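The values are calculated or read from the model by the stated rules, or taken from the named source; none is laboratory data. Just so it is clear, the structure is predicted and the values come from calculations on it, not from any experiment. Here the Cβ positions follow ideal geometry from the backbone for every residue, glycine too, while neighbour counts run over all protein chains shown.
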């Protein structure tokens with residue numbers, strides 16, 4: 001790009017930055033308002049410089065005088081942290097204008113042209129997405145750039161898993177919500193597909209779901225993909241979009257919004273109830289702490305038929321992201337019982353066991369209209385006992401009667417502050433879930449890593465069985481791929497003495513996991529795990545009830561990525577997900593037991609083999 005020359009034309013008229021014959025001009029109209037004019041066919045992208053913590057700028061993008069898009073962005077005021085691309089090549093208009101409003105606190109139009117963004121904007125035909133983040137996960141889904149939170153619009157069709165997600169393409173903090181889109185054939189390797197559902201005149205695009213309309217009930221065609229989502233502006237309302245090309249492009253329904261409810265409500269989740277021959281949609285009445293249940297025959301006209309939740313479970317925060325699923329019940333040994341129950345997932349923020357965001361759930365019966373919970377209102381059941389598992393919902397139309405969940409791997413207490421910038425947030429690994437009846441007679445969720453995770457195992461490092469030692473015995477983790485691996489171990493504690501498993505690096509940073517046979521619990525301490533000072537809420541110890549059949553014998557699967565640890569019992573009776581930010585990768589695992597009576601029966605460490613990020 002040619003050099004842009006800045007100057008004050010006259011004190012009586014606005015300052016103008018002009019590029020004689022170049023790609024754009026910048027006119028400063030006041031201390032807080034500027035106009036950027038782009039030359040037609042100048043390039044594919046306008047690269048916008050971002051500075052985290054800078055004042056928020058509001059940009060109106062006009063094509064041939066018509067408003068095309070609005071966005072909020074922290075334009076660089078005195079330094080550039082990174083760039084984000086504004087696509088300009090396919091807007092259809094020959095004259096593209098950016099009306100930029102930014103309250104920087106500058107007192108004069110003369111000072112406005114000192115703002116760094118006016119000097120550092122660039123026109124380019126490419127946008128470099130090469131990873132520059134040391135903490136970007138290897139085998140967890142992340143956006144190529146920008147902020148991500150809730151998974152949305154998830155479905156399986158023709159051998160492909162489709163994942164949409166809450167995305168801000170103009171910065172790595174929450175803003176400008178739209179649906180980004182990724183696809184995968186194996187639930188591990190994901191391909192970015194751009195935007196699936198974009199913002200519109202009804203507002204930004206909050207969470208929702210998508211289904212395959214196999215019988216053309218909505219009239220958009222057999223096997224059309226129908227998505228229902230929340231439009232958020234001054235109020236929240238539910239709208240519909242549909243796709244006839246398998247979900248790669250969507251068209252908005254001309255009758256939007258389709259659901260308008262009198263209280264704040266969001267995150268519609270729908271499914272076909274074959275037993276009652278009706279579409280069912282759950283909607284979170286967020287501030288009322290209840291789920292609304294609707295019925296429909298055509299996915300377009302919905303009738304409220306019942307409500308659930310007043311006084312049930314955790315009521316400490318807003319209720320969000322529901323999911324209602326009919327699942328088989330296993331016995332405590334994982335064998336089918338022939339029984340089925342309904343699971344109602346309710347994500348809540350705040351109110352989780354260790355603060356901030358979490359996933360609670362209810363077990364009961366459903367007759368097509370009304371959900372009835374089996375347990376007393378004061379009972380709260382949690383799907384994951386870590387700090388970093390939220391907005392968990394399932395893929396619709398999953399093959400082989402699978403129920404596959406994906407969660408957002410972060411916590412609203414500090415999600416905007418974790419030490420990354422090119423992107424923020426990842427999804428958990430995919431999990432297959434079922435229900436099981438524990439020894440206390442209660443039914444709980446069993447979560448196990450999706451079988452696809454087995455296929456990315458490298459050659460195992462197989463350590464011999466050994467007695468546990470009071471001072472501990474240390475095992476090396478793989479050096480390749482920053483120590484990223486899966487640990488599979490079987491430990492017989494022999495007595496009630498606790499066993500600790502410590503992940504550590506040469507800097508003394510560590511994650512300490514503790515098996516407590518006496519209490520039948522598993523805990524994870526990340527207080528000294530690496531970088532923790534970005535939030536007072538990040539250092540913590542999380543504890544999960546194990547609900548084991550034999551509290552002496554423990555079978556664990558532990559997944560380590562660059563910035564996360566996910567620990568499962570092999571039977572799925574507990575799972576714990578926590579973010580970590582070590583300054584160098586963990587390269588050792590140390591097992592210890594004060595009584596030294598226990599036995600490490602087996603230990604295998606699998607490097608994870610996927611395409612590098």
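The residues of the stretch 279-302 that are outside any loop (DSSP other than H, G, I, E, B) and more than 14 Å from residue 268 (Cβ to Cβ), listed by number, are 287, 288, 290. Quick check: is even one residue across the stretch 589-608 part of a loop (DSSP other than H, G, I, E, B), touching a residue at least 40 places away in the same chain (Cβ under 8 Å) and touching a helix residue (DSSP H, G or I) at 6+ places or on another chain (Cβ under 8 Å)? The answer is no, given that none of the residues of the stretch 589-608 is part of a loop (DSSP other than H, G, I, E, B), touching a residue at least 40 places away in the same chain (Cβ under 8 Å) and touching a helix residue (DSSP H, G or I) at 6+ places or on another chain (Cβ under 8 Å). Annotation: residue 19 fulfils all but one of (1) at pLDDT 90 or above; (2) under 25 Å from residue 81 (Cα atoms); the unmet one is (1). Look at the stretch 182-211 and say how many of its residues are within 30 Å of residue 55 (Cα to Cα) and either in contact (Cβ under 8 Å) with a residue 60 or more places away in the chain or touching a helix residue (DSSP H, G or I) at 6+ places or on another chain (Cβ under 8 Å) (or both). Total satisfying the criteria: 3.
This table checks each residue for (1) at pLDDT 95 or above; (2) surrounded by fewer than 19 Cβ atoms within 10 Å (Cβ to Cβ).
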residue: 550; (1), (2): no, yes
residue: 554; (1), (2): yes, no
residue: 567; (1), (2): yes, no
residue: 570; (1), (2): yes, yes
residue: 574; (1), (2): yes, no
residue: 578; (1), (2): yes, no
residue: 587; (1), (2): yes, yes
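All conditions but one from (1) more than 19 Å from residue 124 (Cα to Cα); (2) modelled with pLDDT of 90 or more apply to residue 37; the one that does not is (1). Taken over the stretch 213-235, the criterion of being within 26 Å of the chain's Cα centre (by Cα) and either touching a residue at least 60 places away in the same chain (Cβ under 8 Å) or part of a loop (DSSP other than H, G, I, E, B) (or both) is satisfied by 213, 225, 226, 227, 228, 229, 233, 234, 235. So which of 208, 180, 194, 171 is in a loop (DSSP other than H, G, I, E, B) and either touching a strand residue (DSSP E or B) at 6+ places or on another chain (Cβ under 9 Å) or buried (at least 22 other Cβ atoms within 10 Å of the Cβ) (or both)? Going through 208, 180, 194, 171 in turn, just one is in a loop (DSSP other than H, G, I, E, B) and either touching a strand residue (DSSP E or B) at 6+ places or on another chain (Cβ under 9 Å) or buried (at least 22 other Cβ atoms within 10 Å of the Cβ) (or both): 171. Selection of the stretch 456-494 for residues being part of a loop (DSSP other than H, G, I, E, B) and either surrounded by fewer than 18 Cβ atoms within 10 Å (Cβ to Cβ) or not assigned by TED's automatic domain parsing to the domain that holds residue 572 (or both) yields 458, 459, 460, 464, 465, 469, 470, 471, 472, 479.
Could you tell me whether any residue of the stretch 236-245 is loosely packed, with under 15 Cβ neighbours inside 10 Å and either free of Cβ contacts under 8 Å to residues at least 24 places away in the same chain or not in a loop (DSSP other than H, G, I, E, B) (or both)? Scanning the stretch 236-245, I find at least one residue that is loosely packed, with under 15 Cβ neighbours inside 10 Å and either free of Cβ contacts under 8 Å to residues at least 24 places away in the same chain or not in a loop (DSSP other than H, G, I, E, B) (or both), so the answer is yes. When you scan the stretch 512-527, do you find a residue that is in contact with a helix residue (DSSP H, G or I) (Cβ under 6 Å, 6 or more places away or on another chain) and in contact (Cβ under 8 Å) with a residue 60 or more places away in the chain, even just one? No: zero hits.
Checked against (1) part of a loop (DSSP other than H, G, I, E, B); (2) out of contact with any helix residue (DSSP H, G or I) (no Cβ under 8 Å at 6 or more places or on another chain); (3) surrounded by fewer than 21 Cβ atoms within 10 Å (Cβ to Cβ), residue 310 passes all but condition (2).
Being over 27 Å from the mean Cα position of the chain (by Cα), within 23 Å of residue 545 (Cα to Cα) and at pLDDT 95 or above, is that true of even one residue in the stretch 315-326? For the stretch 315-326, residues over 27 Å from the mean Cα position of the chain (by Cα), within 23 Å of residue 545 (Cα to Cα) and at pLDDT 95 or above: absent.
Would you say residue 497 is closer than 25 Å to residue 447 by Cβ and buried (at least 18 other Cβ atoms within 10 Å of the Cβ)? So residue 497 fails the test. For the stretch 435-455, a residue qualifies if it is surrounded by fewer than 19 Cβ atoms within 10 Å (Cβ to Cβ) and either touching a helix residue (DSSP H, G or I) at 6+ places or on another chain (Cβ under 6 Å) or not in a loop (DSSP other than H, G, I, E, B) (or both), and the qualifying residues are 437, 451, 452, 454, 455.
Let's see how each residue does on (1) within 19 Å of residue 448 (Cα to Cα); (2) modelled with pLDDT of 95 or more; (3) in a loop (DSSP other than H, G, I, E, B):
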site	(1), (2), (3)
346	no, yes, no
353	no, yes, yes
356	no, yes, yes
365	no, yes, no
377	no, yes, yes
385	yes, yes, yes
388	yes, yes, yes
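Test residue 398 against the stated conditions and say whether it is in contact with a strand residue (DSSP E or B) (Cβ under 9 Å, 6 or more places away or on another chain) and buried (at least 18 other Cβ atoms within 10 Å of the Cβ). Spelling it out, it is not the case that residue 398 is in contact with a strand residue (DSSP E or B) (Cβ under 9 Å, 6 or more places away or on another chain) and buried (at least 18 other Cβ atoms within 10 Å of the Cβ). Within the stretch 246-273, the residues that satisfy the criterion of being touching a residue at least 40 places away in the same chain (Cβ under 8 Å) and in a strand (DSSP E or B) are 252, 259, 266, 267, 268, 269, 270, 271, 272, 273. Summed over the stretch 421-434, residues that are buried (at least 24 other Cβ atoms within 10 Å of the Cβ), in a strand (DSSP E or B) and touching a helix residue (DSSP H, G or I) at 6+ places or on another chain (Cβ under 9 Å) total 1. Can residue 295 be described as farther than 30 Å from residue 579 by Cβ and in the same structural domain as residue 400 (by TED's automatic domain parsing)? Criteria met by residue 295. Residue-level analysis places residue 510 outside the set of residues that are over 30 Å from residue 337 (Cβ atoms) and over 27 Å from the mean Cα position of the chain (by Cα).
When the criteria are applied in full, residue 612 fails the requirement of being in the same structural domain as residue 485 (by TED's automatic domain parsing) and surrounded by fewer than 22 Cβ atoms within 10 Å (Cβ to Cβ). Filtering the stretch 147-176 to residues that are under 12 Å from the mean Cα position of the chain (by Cα) and more than 20 Å from residue 266 (Cβ to Cβ) leaves nothing.
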